[in-house]
1. Does GLN161 count as open to solvent by 60 Å² or more (accessible area, probe 1.4 Å) and either modelled with pLDDT of 90 or more or not in a loop (DSSP other than H, G, I, E, B) (or both)?
2. Whether any residue in segment 76-87 is hydroxyl-bearing (Ser, Thr, Tyr) and surrounded by fewer than 13 Cβ atoms within 10 Å (Cβ to Cβ) is what I want to check.
3. In segment 371-385, which residue that is in a loop (DSSP other than H, G, I, E, B), open to solvent by less than 50 Å² (accessible area, probe 1.4 Å) and not hydrophobic (A, V, I, L, M, F, W, C) is farthest from ASN353 (Cα to Cα)?
4. Which of (1) on the phi > 0 side of the Ramachandran plot; (2) modelled with pLDDT of 90 or more does PHE80 not meet, given it meets every other one?
5. When segment 46-65 is examined, which residues are found to be assigned to a loop (DSSP other than H, G, I, E, B) and open to solvent by 40 Å² or more (accessible area, probe 1.4 Å)?
6. When PRO142 is evaluated against the numbered criteria (1) modelled with pLDDT under 85; (2) in contact with a helix residue (DSSP H, G or I) (Cβ under 7 Å, 6 or more places away or on another chain), which criterion, by number, is the only one it fails?
7. Mind listing just one residue for me: the one in segment 112-150 that is basic (Lys, Arg) and in a helix (DSSP H, G or I) and, of those, farthest from the chain's Cα centre (by Cα)?
8. Scan segment 285-300 and tell me whether some residue there is within 30 Å of GLU149 (Cα to Cα), among the β-branched types (Val, Ile, Thr) and surrounded by 15 or more Cβ atoms within 10 Å (Cβ to Cβ).
Amino acid sequence: GVTRLLLTRIPFFKEVIVSSFSCDSCSWSNTEIQSAGRIQEQGVRYTLTLTSRQDMNREVVKTDCATARIPELDFEIPAFTQKGVLTTIEGIIDRAVAGLEQDQPIRKAQDEEVAGKIEEFISRLKQLKEVPSPFTFVLDDPSGNSFVENPRAPQRDEALQVTRYRRTPQQAAMLGLEQDEMPAESAEDLRNEVLQFNTNCPECNAPASTNMKLVQIPHFKEVIIMATNCDSCGHRTNEVKSGGAVEPQGTRITLRITDPSDMTRDVLKSETCSVEIPELEFELGMGALGGKFTTLEGLLKDIRDLVERNPFTLGDSSVPSKAEKLQEFVGKLQEVIEGKTKTHFIMDDPAGNSYLQNVYAPEEDPELTVERYERTFEQNEELGLNDMKTEGYEAEGVPGR
């Protein structure tokens with residue numbers, strides 16, 4: 001047979017390698033997808049509650065390092081047991097059924113009891129495709145490159161929960177990642193120096209350099225700004241990391257946009273911050289767009305570009321009704337950017353590391369509200385704080401002293 005390889009770039013999923021195999025003798029064909037871009041900063045976990053037959057048609061991007069689970073059946077497809085694929089929920093179940101049925105004749109000859117149990121399990125998997133009762137589908141990808149379709153985009157999908165998390169050392173080792181140790185320097189030296197380290201361009205993979213510097217934001221705190229500029233393809237990107245610890249309380253910032261001049265306000269959106277525009281019924285989860293230090297106009301334009309680049313609204317994957325809804329949303333968002341529509345802009349950061357400029361500082365801003373709140377157990381779990389111990393850990397690490 002013949003295998004064809006294509007290196008292409010899918011919006012939102014970065015670069016991928018699509019491979020297609022076909023055999024002229026028996027007409028068997030197979031397609032696979034593999035990520036060729038960089039591994040994301042955080043892992044991602046999609047938890048979908050399926051309630052109707054229509055949910056089986058949701059498109060799924062599953063990389064080879066992702067784990068798929070159906071808790072109700074105690075069923076799991078471990079990482080690195082299947083190649084990456086662009087399919088649907090039903091397609092994942094069909095592939096699992098085909099894999100289990102493959103060796104059934106041999107099992108029946110060697111151990112009829114085991115073959116009978118597997119046959120019963122295959123029957124239960126096939127029944128799931130008709131969704132006789134609600135069940136849960138979990139897709140967990142430490143690389144952050146998997147995806148489950150939200151058919152209601154850009155509105156929030158109540159049946160789909162997306163969780164970003166920090167990889168464990170074991171998961172990082174599984175992905176072949178190594179953490180580079182930075183030389184110990186005083187904080188004062190770091191404030192006055194632009195650090196530089198070598199990396200690869202996320203667009204063309206050519207060698208590039210990333211600049212990093214500590215910056216003090218007035219009336220807020222220190223942050224780390226990282227900027228990458230590729231001389232080969234001209235790609236430029238920047239990212240912001242919090243330079244301090246997680247705050248004792250979460251922060252919810254609400255701005256009432258009443259004037260086009262509000263678009264010039266400085267905004268620091270951390271990786272743990274979610275964005276909401278109630279009038280547009282829009283919500284951007286934490287982890288999306290990464291850390292940003294820009295203006296309000298710049299952040300809204302990034303959100304607009306993210307919605308327009310959704311791969312499930314482009315090309316063969318697009319549905320006219322979805323495309324029209326997204327175009328209508330983009331039009332409303334453009335009116336907000338141009339200052340023609342008055343809306344509320346809400347930033348909710350459980351870590352308390354996000355910031356929206358108060359143009360009246362140090363006086364209070366009548367259009368800006370900053371609320372502090374106690375984090376829930378689930379929010380502390382996502383930030384990795386529940387298992388974090390900052391006192392008394394020295395004694396535990398040295399027994400007998």
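1. Numbers: open to solvent by 60 Å² or more (accessible area, probe 1.4 Å): yes; either modelled with pLDDT of 90 or more or not in a loop (DSSP other than H, G, I, E, B) (or both): yes.
Yes.
2. We begin by selecting, within segment 76-87, every residue hydroxyl-bearing (Ser, Thr, Tyr); these are 81, 87.
Filter again for surrounded by fewer than 13 Cβ atoms within 10 Å (Cβ to Cβ), leaving 81.
Within segment 76-87, one or more residues are hydroxyl-bearing (Ser, Thr, Tyr) and surrounded by fewer than 13 Cβ atoms within 10 Å (Cβ to Cβ).
3. Taking segment 371-385 first, the residues in a loop (DSSP other than H, G, I, E, B) are 374-376, 383-385.
Checking the rest, the ones that are also open to solvent by less than 50 Å² (accessible area, probe 1.4 Å) come to 375, 383-385.
Within this subset, residues satisfying the condition of being not hydrophobic (A, V, I, L, M, F, W, C) are 375, 384.
Working: ARG375: 13, GLY384: 15 Å.
Filtering first and then ranking leaves GLY384.
4. Among (1) on the phi > 0 side of the Ramachandran plot; (2) modelled with pLDDT of 90 or more, the lone unmet condition for PHE80 is (2).
5. Within segment 46-65, the subset assigned to a loop (DSSP other than H, G, I, E, B) is 51-52, 58, 63-65.
Once the filter is applied, which keeps residues that are assigned to a loop (DSSP other than H, G, I, E, B) and open to solvent by 40 Å² or more (accessible area, probe 1.4 Å), segment 46-65 yields THR51, SER52, ASP64.
6. (1)
7. Keep residues of segment 112-150 that are basic (Lys, Arg), which gives 117, 124, 126, 129.
If we keep only those that are in a helix (DSSP H, G or I) too, we end up with 117, 124, 126.
Working: LYS117: 37, ARG124: 31, LYS126: 30 Å.
By that ranking, first place goes to LYS117.
8. Step one: list which residues in segment 285-300 are within 30 Å of GLU149 (Cα to Cα), which gives 285-300.
Now drop any that are not among the β-branched types (Val, Ile, Thr), which leaves 294-295.
Adding the requirement that they be surrounded by 15 or more Cβ atoms within 10 Å (Cβ to Cβ) leaves 294-295.
Yes; the residues of segment 285-300 include at least one that is within 30 Å of GLU149 (Cα to Cα), among the β-branched types (Val, Ile, Thr) and surrounded by 15 or more Cβ atoms within 10 Å (Cβ to Cβ).
The values are calculated or read from the model by the stated rules, or taken from the named source; none is laboratory data. Treat the numbers as computed from the prediction; the structure is a model and nothing was measured. Neighbour counts are summed over all protein chains in view; Cβ atoms, including those assigned to glycine, are modelled from backbone coordinates with ideal geometry. Protein only, heavy atoms only, side chains kept; ligands, DNA and RNA dropped before computing areas. Shrake-Rupley method; radii C 1.70, N 1.55, O 1.52, S 1.80 Å.
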